[in-house]
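A short write-up of the structure that comes next.
Values quoted throughout were computed directly from the atomic coordinates according to the rules given, and no laboratory measurement underlies them. Everything quoted here is computed from the prediction, not taken from an experiment. Positions of Cβ are generated from backbone atoms using ideal geometry, with glycine treated the same way; all protein chains shown enter the neighbour counts.
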Amino acid sequence: MMRAEEIMTQAVVAITGSATVAEAVALMKDKNIRALIVKPRYAGDPYGMVSETDIVYKVAAFGYDPKK
């Protein structure tokens, strides 16, 4: 049985949920990756994920300011 870690091509990079979208984009650009793990705010909460597609469809498409 193959594990996910065996086919990963990038190191995992995480960001806090309180970071701005602009900070997430800058980190993705710096690390040359297309998605980030979002750390949970409280113990027991699940981790999240944000991707370039999320940013395009949920921020840029509606003209929201990614710095807010």
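With the contact rule set at Cα under 8 Å and sequence spacing of 6 or more, what percent relative contact order holds for the chain?
In percent, rounded to a whole number, it is 30.
Provide the gained length on full extension for the span residue 12 to residue 41, in nm with one decimal, where the gain is 0.36 nm per separating residue minus the Cα-Cα distance.
Contour length minus the Cα-Cα distance gives 8.6 nm.
Taking the Cα centre as origin and putting +1 on Lys and Arg beta-carbons and -1 on Asp and Glu beta-carbons, what dipole magnitude results for the chain, to the nearest 20 debye?
140 debye
In vacuum, with every alpha carbon of the range 4-62 counted as one equal point scatterer, what does the Debye formula give for log10 I(q)/I(0) at q = 0.15, 0.16, 0.19, 0.25 Å⁻¹? Two decimals, please.
-0.47, -0.54, -0.73, -1.09
How large is the helix-only mean residue ellipticity at 222 nm for the chain, computed as the sum of -39500 (n - 2.57) over DSSP H runs with n ≥ 4, divided by its residue count, in deg cm²/dmol to the nearest 500?
-7500 deg cm²/dmol
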